[in-house]
Amino acid sequence: MSAAEYVALGETAERYELIDGIIVMSPSASQPHSEAFAEVLFQLKIFARRMKSIRVLPELDFEVNVLTVYRPDISVYLASRLSNAQAARVERGTLAPDLIVEVLSPSTRALDLTTKRDDYGRAGVDEYWLVDPLTAVVRAFRQQGGVLVEATLVADALTLESSALSGFSLDLVLLREILAE
C-alpha cells in the first residue's frame, strides 16, 4: 500500500502505521508507557500554552516516504514554521516535525531505536527523543547532515534541554517520580 492509499483510509479506532508498504497494527499501550507519554505531553503542552511558540500534536501521522507513514507518540512543530501552506502539510502528514518523541514499547523497541530514527533523520526531523518507561531514561538524538546522532547526556541530569525548541527543558525529575510510582 502507498502512503496516499494509507491516508485515504481515514481515522480508525485501531492504531496503525505503514512501514515499507505494509500496514502494521500496534496493541494498546502499557500503564508505564501511558504514564511516560502523559507526563512528556503535559510538560510540552504547558510550555506551548505559556510561550505560544510551538504546536504539540499527539499521535499524528507523519509520511516519511511514499511507502512509510509513522504515528509518533508526540510531534512538535515550531509555530513560526506553520504558515497556511505549511499547516496544510502538517494536516496531510508531510511536514517533518521539529521534535518527535517516542515512548518505547517492548514490541516496537528495535523499530524505534534504529529504523524510525534513521527514517526521521532522512526526513529532516531536527530532534528525536526516546523515552524508556521501564528505566526512566530519555535518549536524545539531534540532526547532523541528514542523520540523527545521539547527544551525550549527563546520567543523572535533572532536565533535558531541547535543541529544537528554544527555551524548553523536559523535567526529568518529575518524569522519574511518575514512573517510579
When THR114 is evaluated against the numbered criteria (1) part of a helix (DSSP H, G or I); (2) touching a residue at least 24 places away in the same chain (Cβ under 8 Å); (3) under 20 Å from ASP20 (Cα atoms); (4) among the hydroxyl-bearing types (Ser, Thr, Tyr), which criterion, by number, is the only one it fails? (2)
Quick check on this structure: which one of SER105, SER28 is farther than 21 Å from THR159 by Cα, within 14 Å of the chain's Cα centre (by Cα), part of a loop (DSSP other than H, G, I, E, B) and not charged (D, E, K, R)? SER105
I'm checking my understanding of the structure. Among residues of segment 134-180 that are in contact with a helix residue (DSSP H, G or I) (Cβ under 8 Å, 6 or more places away or on another chain) and in a loop (DSSP other than H, G, I, E, B), which one is surrounded by the most Cβ atoms within 10 Å (Cβ to Cβ)? LEU165
All positions within segment 38-68 that are assigned to a loop (DSSP other than H, G, I, E, B) and among the aliphatic types (A, V, I, L, M): LEU60, VAL66, LEU67
For segment 20-35, does any single residue satisfy the condition of being closer than 18 Å to VAL125 by Cα and surrounded by 13 or more Cβ atoms within 10 Å (Cβ to Cβ)? no
Considering segment 111-129 alone, what residues qualify as being under 13 Å from the mean Cα position of the chain (by Cα) and basic (Lys, Arg)? LYS116, ARG117
Among the numbered criteria (1) β-branched (Val, Ile, Thr); (2) farther than 25 Å from LEU9 by Cβ; (3) assigned to a loop (DSSP other than H, G, I, E, B), which single criterion is violated by VAL131? (3)
Of the residues in segment 70-99, those that are in contact (Cβ under 8 Å) with a residue 60 or more places away in the chain and within 14 Å of VAL125 (Cα to Cα) number 5
Considering residues of segment 36-59 that are small (Gly, Ala, Ser) and more than 18 Å from LEU82 (Cβ to Cβ) only, the residue surrounded by the fewest Cβ atoms within 10 Å (Cβ to Cβ): ALA38
So if I check each of ASP112, ASP126, ASP118, which one is among the acidic types (Asp, Glu), under 25 Å from SER30 (Cα atoms) and in contact with a strand residue (DSSP E or B) (Cβ under 8 Å, 6 or more places away or on another chain)? ASP112
Give SER75, SER107 a once-over and let me know the one that is of a type in the set (S, T, N, Q) and loosely packed, with under 15 Cβ neighbours inside 10 Å. SER107
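Quick note: the coordinates plus some simple rules give every number you see, no bench work behind them. Model, not experiment: these values are computed from the prediction. Cβ atoms come from the backbone with ideal geometry, glycine included; neighbour counts cover every protein chain shown.
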